[in-house]
């Protein structure tokens, strides 16, 4: 709102004032450059993102489920004679999310994998 001619005035609601002050402060980014890699640190969150040459955060292959686990999920689902939609309804997720797990393109989430294992009654990891 820097381009506006007026400023917002909070009258009488301390919770609203505190919330707006918190939103305006936000985490600050600090660039930390070294010879090996360029990392962006978000102060206050404790999270680090490694950036590659193009400025995108890089994820390794270990961060994804992988095709072997995806095939195991698919085979176990077919063995129980369930469709992706039916299994997704049992897990309370969207069918597209289950599809990304079966394709091996989903980010590894151990709690989701354990839910899938319980629903199928078999180990997939």
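The values are calculated or read from the model by the stated rules, or taken from the named source; none is laboratory data. Just so you know, these numbers come straight off a predicted model, no measurement behind them. Cβ coordinates were reconstructed from backbone atoms using ideal geometry, including for glycine residues, and neighbour counts include every protein chain displayed.
Note on the stretch 98-122: among residues that are free of Cβ contacts under 8 Å to residues at least 40 places away in the same chain and in contact with a helix residue (DSSP H, G or I) (Cβ under 7 Å, 6 or more places away or on another chain), the one that is nearest to residue 72 (Cα to Cα) is 102. Are any of the residues in the stretch 36-54 modelled with pLDDT under 60, more than 30 Å from residue 124 (Cα to Cα), more than 21 Å from the chain's Cα centre (by Cα) and assigned to a strand (DSSP E or B)? So far as the stretch 36-54 goes, yes, one or more of its residues are modelled with pLDDT under 60, more than 30 Å from residue 124 (Cα to Cα), more than 21 Å from the chain's Cα centre (by Cα) and assigned to a strand (DSSP E or B). Would you tally the residues in the stretch 88-97 being touching a helix residue (DSSP H, G or I) at 6+ places or on another chain (Cβ under 8 Å) and assigned to a helix (DSSP H, G or I)? Total meeting the criteria: 5.
Selection of first residues in the stretch 12-24 that are assigned to a helix (DSSP H, G or I) and of second residues that are surrounded by 10 or more Cβ atoms within 10 Å (Cβ to Cβ), restricted to Cβ pairs under 8 Å at least 6 apart or on distinct chains, gives the following pairs, ordered by first then second residue: 16/10; 17/10; 20/10.
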